[in-house]
Amino acid sequence: MRFPAEFESRLKGFFPRYSDQILHNLYRSKGVVSFRVNRIKGRGRDVISSLKSLGFNLKQLAWYEDGFILINRSLRDLQQTTAYLEGLIYVQNPSSMLPPLFMDLERGQKVLDLCAAPGSKTSQIASLLENGCELVAVEKIRPRFYKLKANLERQAVQAELRLMDGVRVGRVYPAYFDRILLDAPCSAEGRFDINNPRSFKYWSLRKVKEMQKKQKRLFRAAYYALKQSGIMVYSTCTFSPEENEFLIKWALEKFDGLSVVDRDIGLKNAFPGMDGLGWHIIPNDEMEGFYICVLRKG
């Protein structure tokens, strides 16, 4: 079993220094169970102490005090605990935990999660600020919206939920938000699993270009919904430059006053994007492949 040949050749062409490591890890990675503590519902120390008393062996993420890797036991075991059932924790890959940490969140801000379902990052934003912001979460697909709603209710998240197409947000909330997260729908190359052909059998260059069109429409909406001096974090779980660096370059040329915020992501398994536009996360035993870029308007 192999990944699509065109995917591999593009990876080697765009990122020759890192492609071997990326492919090696995609072919061998089995993933881990990871979660973060929900500050809204409990103190991390108490939650972790409770899980350890049940025999769970945990490793804290070096870069995020609320994030943990499960060393023993299974996801099913974790899902049977009170901590999980009552929303004191949220199962989430460490890569997915990164974007909210780079939003420079502060209490009292107006914050938008533009592509919010299933709610991992929405609930993380709320947890980081302990519900201390005006939080809006948008999702256009009805079944995903109700999954988002259920997850946020279990996490005790206070947010305005909008069932609508994200491309409308610039008209509905013109220049309204201090912070916006656009975790865009993408071709998901960073989540390819050689043991699950369904994770990559859909892939094609046509799919990549199709996703870029969606991302551009969403980015445009996010730009117009963002206040002057506001910060937007753009992220995907893919490597393709069309959906990452090329899209950011397009946005910088298209929209007035937009600039990339120079931030070191601070991880050993990360490398800078082309022309210094954002950062890529190399998948490893703990993290999925990912891309993140921080931008400021005005």
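Couple of notes before you dig in:
- Positions within the range 221-276 being aromatic (Phe, Trp, Tyr) and either at pLDDT below 95 or within 18 Å of residue 177 (Cα to Cα) (or both), in sequence order: 223, 224, 234, 255
- Among the residues of the range 283-298, those identified as within 14 Å of residue 235 (Cα to Cα) and not small (Gly, Ala, Ser) are 288, 290, 291, 292, 293, 294, 295.
- Scope the range 153-179; condition acidic (Asp, Glu) and either assigned to a strand (DSSP E or B) or over 29 Å from residue 84 (Cβ atoms) (or both); matching residues: 160, 165, 178
- Filter pass, residue 188 being among the small types (Gly, Ala, Ser) and on the phi > 0 side of the Ramachandran plot: yes
- The range 253-295: number of residues that are over 22 Å from residue 105 (Cβ atoms) and open to solvent by less than 30 Å² (accessible area, probe 1.4 Å): 9
- Taken over the range 3-26, the residue count meeting the criterion of being farther than 16 Å from residue 290 by Cα and in contact (Cβ under 8 Å) with a residue 40 or more places away in the chain is 5.
- Among the residues of the range 122-174, those identified as within 20 Å of residue 215 (Cα to Cα), open to solvent by 50 Å² or more (accessible area, probe 1.4 Å) and out of contact with any Lys or Arg (no Cβ under 7 Å at 6 or more places or on another chain) are 140, 141, 142, 144, 162, 168, 171, 172, 174.
- Subset tally (residues that are under 23 Å from residue 198 (Cβ atoms) and open to solvent by less than 80 Å² (accessible area, probe 1.4 Å)) for the range 6-15: 5
- Pick from the range 16-74, criterion of a type in the set (Gly, Ala, Ser) and in a helix (DSSP H, G or I), ranking: most open to solvent (accessible area, probe 1.4 Å): 53
- Qualifying residues in the range 191-237 (those that are among the β-branched types (Val, Ile, Thr) and under 30 Å from residue 257 (Cβ atoms)) - the one farthest from the chain's Cα centre (by Cα): 208
- In the range 270-286, the residues that are more than 26 Å from residue 30 (Cβ to Cβ) and either part of a loop (DSSP other than H, G, I, E, B) or out of contact with any strand residue (DSSP E or B) (no Cβ under 8 Å at 6 or more places or on another chain) (or both): 273, 274, 275, 277, 278
- Residues of the range 3-49 that are among the small types (Gly, Ala, Ser) and in contact with a helix residue (DSSP H, G or I) (Cβ under 6 Å, 6 or more places away or on another chain): 19, 34.
- First in the range 146-173 and among the acidic types (Asp, Glu), second anywhere and part of a loop (DSSP other than H, G, I, E, B), Cβ under 6 Å, 6 or more apart: 165/140
- Output for the range 239-269, where each listed residue is of a type outside the set (D, E, K, R) and assigned to a helix (DSSP H, G or I): 241, 246, 247, 248, 250, 251, 252
- Check on residue 290, of a type outside the set (S, T, N, Q) and within 15 Å of the chain's Cα centre (by Cα): yes
The values are calculated or read from the model by the stated rules, or taken from the named source; none is laboratory data. In this text the structure is predicted, and so the values were computed from the model without any measurement. Every residue, glycine among them, receives a Cβ derived from its backbone with ideal geometry; neighbour counts consider all protein chains shown. Protein only, heavy atoms only, side chains kept; ligands, DNA and RNA dropped before computing areas. Shrake-Rupley method; radii C 1.70, N 1.55, O 1.52, S 1.80 Å.
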